[in-house]
1. I'm trying to understand the selection: among the residues of the range 332-356, which are within 10 Å of the ligand (Cβ to nearest atom), crowded, with 21+ Cβ neighbours inside 10 Å and farther than 19 Å from Val9 by Cα?
2. Give the residue, chosen from Ala426, Ala359, Ala385, that is more than 26 Å from the chain's Cα centre (by Cα) and surrounded by 14 or more Cβ atoms within 10 Å (Cβ to Cβ).
3. Quick one: in the range 229-244, which of the residues that are touching a Gly at 6+ places or on another chain (Cβ under 8 Å) and among the hydrophobic types (A, V, I, L, M, F, W, C) is surrounded by the most Cβ atoms within 10 Å (Cβ to Cβ)?
4. Mind listing whichever residues of the range 366-382 are surrounded by fewer than 17 Cβ atoms within 10 Å (Cβ to Cβ) and in contact with a Lys or Arg (Cβ under 9 Å, 6 or more places away or on another chain)?
5. Take Tyr274 and tell me if it is within 28 Å of Tyr95 (Cβ to Cβ) and aromatic (Phe, Trp, Tyr).
6. How many residues, within the range 176-190, are of a type in the set (Gly, Ala, Ser) and either outside any helix (DSSP H, G or I) or touching a residue at least 60 places away in the same chain (Cβ under 8 Å) (or both)?
Amino acid sequence: MNQQPLQLVTPNPRVRLGQRKVFVLKRAQDVIEAIAWASVVAVVVFFLIDGGIKGVTDLPTALNAISRLTALVGTDLLMIHMLLVARVPWIDKFYGHDKATLAHKKLGKPVLYFIVAHFLASLIQFSITNSQNVIATLVWLITDVQDMLTAVAALTLMILVVVTSLNFARRKMSYEAWFIVHLMSYAAVLLAVPHIFSTGSDIAGKPASTIFWVTLYLFVALNIVWYRAAKPLIRIFGSSMKIANVVRESSDTTSLYLRGKNIDKLGGASGQFYFLRVLTPRRWFKAHPFSLSAAPNNHYMRFTIGNRGDDTAFLQTIKPGTRVAVEGPFGVFTEERRTQEKVVLIASGIGIPPIRALAESMASRPGDITIIYRVRDEEDASLLAEVREIARIRGFRLYVLPGPRASLKSWMNNDGTNNPDLARLAVMAPWISESDVYICGPQIWTELVVSSCTRAGVPADRIHAEEFAW
Ligand SMILES: Cc1cc2nc3c(=O)[nH]c(=O)nc-3n(C[C@H](O)[C@H](O)[C@H](O)COP(=O)(O)OP(=O)(O)OC[C@H]3O[C@@H](n4cnc5c(N)ncnc54)[C@H](O)[C@@H]3O)c2cc1C
């Protein structure tokens, strides 16, 4: 069990509260979304200025117009799609890494539909004008037309990436296999670039269009190169992080204490997570997300890790001195999103790390914060002793709910009363409707908690949930 003396950071007493934060956040989101839509409108305007559907007189010219328009819109959406997972702070800060990833997933199929429509429209159009069947036309395109071989390869890769993202395929793949396939989307975009500039009739030889597309490509490429590659590498070499201490917290969780140079410059806030990479020959290419389980401080970073699979099993017994890389911070499960004086922190199982860190660093008066911690077994609950100590020192209310759940539809334990969750929640946190609620735990459990909070009158923008899922 944890032998470290409990040293707590001093909470920031000047934390800003109030609904204005929500207003500012929503306006910032509106601006980002307006820019994204404006880029789609811009490419349609380019298409219209360039003749649009004016030249449509028969099927081949109609197919040509469809091919050009779908190419322009599809490529623009593809750039947005890639930016959403580039881990760029100006997106993640306003949406959160999880919402940005969700938007990326939702955009995947429409992007593919546009690109496939572009491909089919071009293929059929050439097939009609060349009076050849589609197979012969495809062979002609690949072998005789400049940059078409790479364009077709790009389309094939894109289809592969989208198919492996569909739920049925994802369930069958390990995270790592899925991740490697996804890296191919960068290759797909690069392979498609030559044909866009050499044969794209709306771009080649059109200065305004060319400037727009070159700027868009460079902007996306620079964001990806800087935030996904260069910055993380600078961090790795600049901080030389190592495992300083490994502390068993329960039968299946372990805390890793990391130390390194410039730890105070890593930034981050309680509730945020980092991608952790063990820098050994067999593991350096795998990065897993873990939340800070202690507030950021100048001495160490701490992650508390549950044994859930191959790599987390390995981390339970990792040797002190092993070099690791941390990439982050990410996520908006932080006090920055808090608007109310009162806060309810709710965790289940291995959802406790970010909740424990938030409890440490949240500004509060005694009684402002309530913690509800759902555990299997009180004797074997990760970080429980620390949570109890924080609650005692800071004057928080703490409810530990051990044992099996009350019913299949309940997120609470069986306390022998048969009282519904909502009634029990009202006793534990009577002011919940005027509170911010932070929830971290398994997906289905989180959904049940969110539903209880909503029924208890907590507005959606005050419910903050972090799910440990990809
Ligand atoms: C934002 C976030 C914060 C997290 N914080 C913590 C934490 O503080 N403590 C903790 O113990 N766990 C945390 N997790 C979960 C942790 O990342 C996974 O348990 C871990 O990656 C599993 O790796 P594995 O190889 O041991 O398991 P696997 O056998 O590969 O998978 C076990 C489970 O983990 C999921 N998983 C695997 N790799 C990843 C990945 N790279 N990203 C997301 N999910 C993955 C799988 O879908 C599966 O459900 C967090 C996850 C996310 C998304």
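The values are calculated or read from the model by the stated rules, or taken from the named source; none is laboratory data. Note that the structure is predicted; figures quoted are calculated from it, not measured. Glycine gets a Cβ as well: all are built from the backbone with ideal geometry, and neighbour counts include every protein chain shown.
1. Answer for the range 332-356, where residues must be within 10 Å of the ligand (Cβ to nearest atom), crowded, with 21+ Cβ neighbours inside 10 Å and farther than 19 Å from Val9 by Cα: Ile350, Gly351.
2. Working: Ala359 fails: more than 26 Å from the chain's Cα centre (by Cα); Ala385 fails: surrounded by 14 or more Cβ atoms within 10 Å (Cβ to Cβ).
Unique residue meeting the criteria: Ala426.
3. Across the range 229-244, the extreme among qualifying residues is Met241.
4. Once the filter is applied, which keeps residues that are surrounded by fewer than 17 Cβ atoms within 10 Å (Cβ to Cβ) and in contact with a Lys or Arg (Cβ under 9 Å, 6 or more places away or on another chain), the range 366-382 yields Pro366, Gly367.
5. yes
6. First pass over the range 176-190, keeping only residues of a type in the set (Gly, Ala, Ser): 177, 185, 187-188.
Restricting the remaining residues to those that are either outside any helix (DSSP H, G or I) or touching a residue at least 60 places away in the same chain (Cβ under 8 Å) (or both) gives 185.
Residues meeting the conditions: 1.
Here's the yes/no breakdown for (1) loosely packed, with under 12 Cβ neighbours inside 10 Å; (2) assigned to a helix (DSSP H, G or I); (3) aliphatic (A, V, I, L, M):
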site: Ala28; (1), (2), (3): no, yes, yes
site: Val31; (1), (2), (3): yes, yes, yes
site: Trp37; (1), (2), (3): yes, yes, no
site: Val40; (1), (2), (3): no, yes, yes
site: Val56; (1), (2), (3): no, no, yes
site: Thr61; (1), (2), (3): no, yes, no
site: Ala65; (1), (2), (3): no, yes, yes
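This table checks each residue for (1) of a type in the set (A, V, I, L, M, F, W, C); (2) under 25 Å from Lys93 (Cα atoms); (3) surrounded by 16 or more Cβ atoms within 10 Å (Cβ to Cβ); (4) not assigned by TED's automatic domain parsing to the domain that holds Thr312.
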{"site": "Phe219", "(1), (2), (3), (4)": "yes, yes, no, yes"}
{"site": "Val246", "(1), (2), (3), (4)": "yes, no, yes, no"}
{"site": "Gly260", "(1), (2), (3), (4)": "no, no, yes, no"}
{"site": "Lys265", "(1), (2), (3), (4)": "no, yes, no, no"}
{"site": "Phe290", "(1), (2), (3), (4)": "yes, yes, yes, no"}
